[in-house]
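*Asks:* Quick one: the structure is below, and I'll ask about it shortly.
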Amino acid sequence: MTRVKRPLRSLRIPLAALAVSVAALAAPAAGQANVTVFGSDLSKPANLVEDHGADAAFWNLAIDGDPGRAVVPADGQITVASVKGTVLADPTGRAKPDPQFHFQVLHPIGGGSVRVDLSSGAFRVPVGGNPQAVSSFRPVNLCVHRGDYVDFNDIGGFEWRWGAYGGMPFQVFSRTPASTTAFYTSSNGTNAGSQFGNTPHQGEELLMQTTLATGPDATDICPGGYAQHVFTGLRVEPAGQVAKLRTKTRLARIKTLCPGPSYGGCKGVLSADATFGNTNVYVGAASFNIRAGYPAGIDIKVTPAALKLAQKARSLAVNVNVQSHDDPAHDSRAKPGIPMQSRVTTANIRIQPDRLTTAKRKKKHH
C-alpha cells in the first residue's frame, strides 16, 4: 500500500538617548512559555473498535458535548500526542499486523469538509497487551492554525484482518453518549492535500490528547513560534575581563557579544557601578545597538568620582548591569507577530586606569 506523506558592530549612542532606551526596556518581557492540552482527557475506557480495510481518518467533532475541546485553540505546533488503546492481537497468532498510523492537520474548507495540510511521520500503537495503555508520540514540525483539527489516520490493514474484522482492529475509541467522532475512509485517499467530508459517529470518542506549544515553545517553522531564537541577552565576554580606563577621555571599553540566534541584534543600555568601602558609586553607562552574532566593545564614560577611586585603588571592581532586547521587526527570519523579547544580564569585571595620580606614581617610584 503506497502512502504519500508530506514531511513534515557596536554603535555608541549619546547618553541623552538613554532615557528612551530605558523606557523601551521597561515594557513587559516577551510572552511566557505557553503549552495547552486539548482533545480527549483520556479518562474513558478504550472499549470500542474501528476496523477498516482502507486508509481511515478519525477526528473528534465534540467531546462531552463541547465542540471547542476538539479544535486547535491557537496557532502553534503540536509537540506531543497521546493515544489510549491498542490494536487487538490475533488470538491465533497468524496475523502479524503493522499497526501504523499518522497524525494529520485537517483544515476546515467549508461545508463540513477538510483538507489535509500536513501529515506526520509514521507511528505505531502497541499490538495486544493492556488495552488501556496510553502511548505518547512526538511529531516533528506539525504546525497548526487556530480552528484546525488533528486526526488519527490509520492505514486500514486489510491484509492483516482476522475473525470478523475488515482490517486491523484499532481499539482506541470509547463509547460515550455526548461525544462525536468524524470518520472518513478511502484507499490512498487521505494523503497530504486530500479533501474530504466525513461521516459523524455519534456516541464515540477518539481517545487522543494533543499538546499545543506556542511562542518560545514552538519551532520557528510554525506560526508564532520562535524556540530557536529565544533571547538570552547581551553577554559581557570574556568573563572577569579587565577594561582599560583611558584617563584623558575617561572612557572604558567593555567587551560584549550579541548571541547569533537573537532576532535583529541586541539593543539596550549597559550601566556599571562599584562598591568602595560601604559606599556604592555610579561608574557610567552607555546605550548600544549590536548586530546578532557579533562581538563589540561598548565605551562607557566613567564619572570623575569613579576615575579618582580607580586611580586611588589602581584597579576597581565593577558590577555591570545590561538591560537589552532583540529586534524582530528588523529581521527577515522573524514572522509577523513575533514579540520583542527583553532580558537583564549581569557581570563582574575590573576597570584599570592607564595612569595613576601623581601621588601614587611618586609612592610607587620610592
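*Asks:* Could you tally the net charge around VAL80, taking each other residue with its Cβ under 15 Å from the Cβ of VAL80, Lys/Arg +1 and Asp/Glu -1?
*Replies:* Spelling it out: positives minus negatives among the neighbours equals 0.
*Asks:* When 1/r is averaged over all different Cα pairs and the result inverted, which Kirkwood radius in Å belongs to segment 110-252?
*Replies:* 19.9
*Asks:* Not counting ligands, DNA or RNA, and with a 1.4 Å probe, what is PHE276's accessible surface area in Å² rounded to the nearest 10?
*Replies:* Taking all protein chains as shown, PHE276 has close to 70 Å².
*Asks:* Output wanted: per-residue J couplings in Hz (rounded whole) for segment 186-195, from phi through Karplus 6.51 cos²θ - 1.76 cosθ + 1.60, θ = phi - 60°, x for Gly and Pro.
*Replies:* Computed from phi, the couplings for segment 186-195 are 6, 5, 6, x, 10, 7, 4, x, 5, 10 Hz.
*Asks:* In whole angstrom, and with the biggest value first, how far do the Cα coordinates of segment 245-318 range along each principal axis?
*Replies:* Rounded to whole Å, the extents work out to 41, 27, 16 Å.
*Asks:* Right, something else. Can you work out the Karplus-derived ³J(HN,Hα) for every residue in segment 294-306? Use 6.51 cos²θ - 1.76 cosθ + 1.60 with θ = phi - 60°, whole Hz, and x for glycine or proline.
*Replies:* 10, x, 7, x, 9, 8, 10, 8, 6, 5, x, 5, 5
*Asks:* Using the heavy atoms of the protein chains alone and a 1.4 angstrom probe, what is the accessible area of segment 274-322 per residue in square angstrom?
*Replies:* 44
*Asks:* Still on this model: Taking amide H positions as placed in the peptide plane 1.01 Å from N, state which residues far from ILE254 in sequence (5 or more) or on other chains have amide H under 5 Å from it.
*Replies:* Placed amide hydrogens put ILE298, ASP299, ILE300 under 5 Å from ILE254.
*Asks:* If you don't mind, another one. Quick check: residue separation of ARG69 and HIS330 times 0.36 nm, minus the Cα distance between them. What number comes out in nm?
*Replies:* The span from ARG69 to HIS330 would gain 90.2 nm if fully extended.
*Asks:* Further question on the same structure: Counting only residues 5 or more places away or on other chains, whose amide H sits under 5 Å from the amide H of THR176 once H atoms are built in the peptide plane?
*Replies:* Excluding prolines and chain starts, which carry no amide H, the hits are GLU204, GLU205.
*Asks:* Another question, then. What relative contact order, as a whole-number percentage, does segment 236-366 give when Cα pairs under 8 Å and 6 or more residues apart are counted?
*Replies:* RCO, segment 236-366: 31 percent.
*Asks:* Using only alpha carbon pairs under 8 Å that are at least six residues apart, calculate the relative contact order of segment 128-249 and give it in whole percent.
*Replies:* 20
*Asks:* Per the Cauchy relation, a quarter of the hull surface: what is the mean projected area of the convex hull of the alpha carbons in the chain, in nm²? Walk me through the intermediate numbers first.
*Replies:* Working: hull surface 103.1 nm².
Spelled out: convex hull of the Cα atoms, projected over all directions, averaged, 25.8 nm².
*Asks:* Here is a further query. Can you give the helix-only mean residue ellipticity at 222 nm for the chain, where every DSSP H stretch with n ≥ 4 adds -39500 (n - 2.57) and the sum goes over all residues, rounded to the nearest 500 deg cm²/dmol?
*Replies:* Counting only the DSSP helices, I get -2000 deg cm²/dmol.
*Asks:* Starting from the residue with the highest accessible area, list ARG69, ARG161, ARG94 in decreasing order, probe 1.4 Å. Walk me through the intermediate numbers first.
*Replies:* Values: ARG69 65, ARG161 110, ARG94 190 Å².
These residues rank, largest area first, as ARG94, ARG161, ARG69.
The values are calculated or read from the model by the stated rules, or taken from the named source; none is laboratory data. For clarity, every value in this text was computed on a predicted model and none was experimentally measured. All Cβ positions, even for glycine, are placed from backbone atoms using ideal geometry, and neighbour counts span all protein chains on display. Quick note on the areas: whole protein, heavy atoms, side chains included, nothing else; ligands and nucleic acids left out. Shrake-Rupley method; radii C 1.70, N 1.55, O 1.52, S 1.80 Å.
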